Amino acid sequence: MKASVDSKNCWGCGLCEATCPEVFRIESKDDRAHAYAEPTDSTADNVKKAAEECPAKVIEIWD
Ligand code: SF4
């Protein structure tokens, strides 16, 4: 699985970082979320959850 964030349109709410900090973090340079690591078998479920729950719908995941 791969994941990316359309950071320009992220609201900076922090939900994705709280749900899966191994993959997402809010970066201080722009106060927006970025995917800084690729999902693994152990984080894939939380990455999917973050993508589903992102209020701005800006997390994209694909195989
Ligand atoms: S959940 Fe969505 S809107 Fe909130 S910080 Fe993450 S990418 Fe941005």
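Quick note: the coordinates plus some simple rules give every number you see, no bench work behind them. Owing to the predicted nature of the structure, the values given are computational and were not obtained by experimental measurement. All Cβ positions, even for glycine, are placed from backbone atoms using ideal geometry, and neighbour counts span all protein chains on display.
Qualifying trypsin sites (Lys or Arg not before Pro) in the range 22-63, where qualification requires a DSSP coil assignment and no more than 16 other C-beta atoms within 10 Å, comprise K29, K57.
Expressed in units of 2.2 N^0.38 Å, where N is the residue count, the Cα radius of gyration of the chain is 0.96.
Restriction of the GluC sites (Glu not before Pro) in the chain to DSSP coil positions whose beta-carbon has at most 16 other beta-carbons within 10 angstrom yields E22. Our helix-only sum for the chain, with -39,500 (n - 2.57) per DSSP H run of n ≥ 4 divided by its residues, gives a mean residue ellipticity at 222 nm of -6000 deg cm²/dmol.
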